[in-house]
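Take a look at the structure below.
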Amino acid sequence: MDKPWRTEKDLAALLLARSRRRRTSIITPDTAVLIANALMHMGDKPTRDEIALMLCSSHCSTPCYACMARANIVAAAYGVRRD
């Protein structure tokens, strides 16, 4: 049987749509591994402030405007952890 999704975003959209309709979703073991790995690594990304401090060449104690602007670019491209 072919899977009804092609990408991870398709899978997420399918699961969200089914949950909004209060429908049960049955997944294969392979799909469960994919979802479990995504969930386990979701918290691995740094926050925007952590990115700003990593990029700061002035070693500021709190993120400065210039570093925050650079961090926003990185966050938009790769995503961040939201605390």
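Using the 10 angstrom Cβ neighbour count as an exposure proxy, how do L53, L15, L39 rank, fewest first?
The fewest-first ordering by Cβ neighbours comes to L39, L15, L53.
What's the local net charge at I26, with K and R +1, D and E -1, over the other residues with C-beta under 14 Å away? Please list the in-between numbers first.
Values: positive: K3, R18, R23; negative: D30.
Neighbourhood net charge equals +2.
Could you tell me the calculated FRET efficiency between W5 and H41, based on Cβ-Cβ distance and R0 = 25 angstrom, to the nearest 0.05?
Numbers: r = 20 Å, r/R0 = 0.79.
About 0.80, to the nearest 0.05.
Using 7 Å Cα-to-Cβ label points, what is the A17/A77 separation (nm, one decimal)?
Simple spin-label model gives 3.3 nm for this pair.
Can you put M68, M40 in order, fewest other beta carbons within 10 Å first?
The fewest-first ordering by Cβ neighbours comes to M40, M68.
When L55, L16 are ordered from fewest to most other Cβ atoms inside 10 Å of their Cβ, what list results?
Values: L55 16, L16 11.
The most exposed by this proxy come first: L16, L55.
With angles folded into 0 to 90 degrees, how steeply does helix 29-41 sit against the dominant principal axis of the chain? Use alpha carbons for both and round to 10.
That works out to roughly 20 degrees.
Using only the alpha carbons of the chain, determine the length spanned along each of the three principal axes and report them from longest to shortest in whole angstroms.
Result for the chain: principal-axis Cα extents of 56, 23, 21 Å.
Since every read-out is calculated from the coordinates, none of them should be taken as a lab result. Just so it is clear, the structure is predicted and the values come from calculations on it, not from any experiment. Cβ sites come from the backbone with ideal geometry, for glycine too, and all protein chains shown count toward neighbours.
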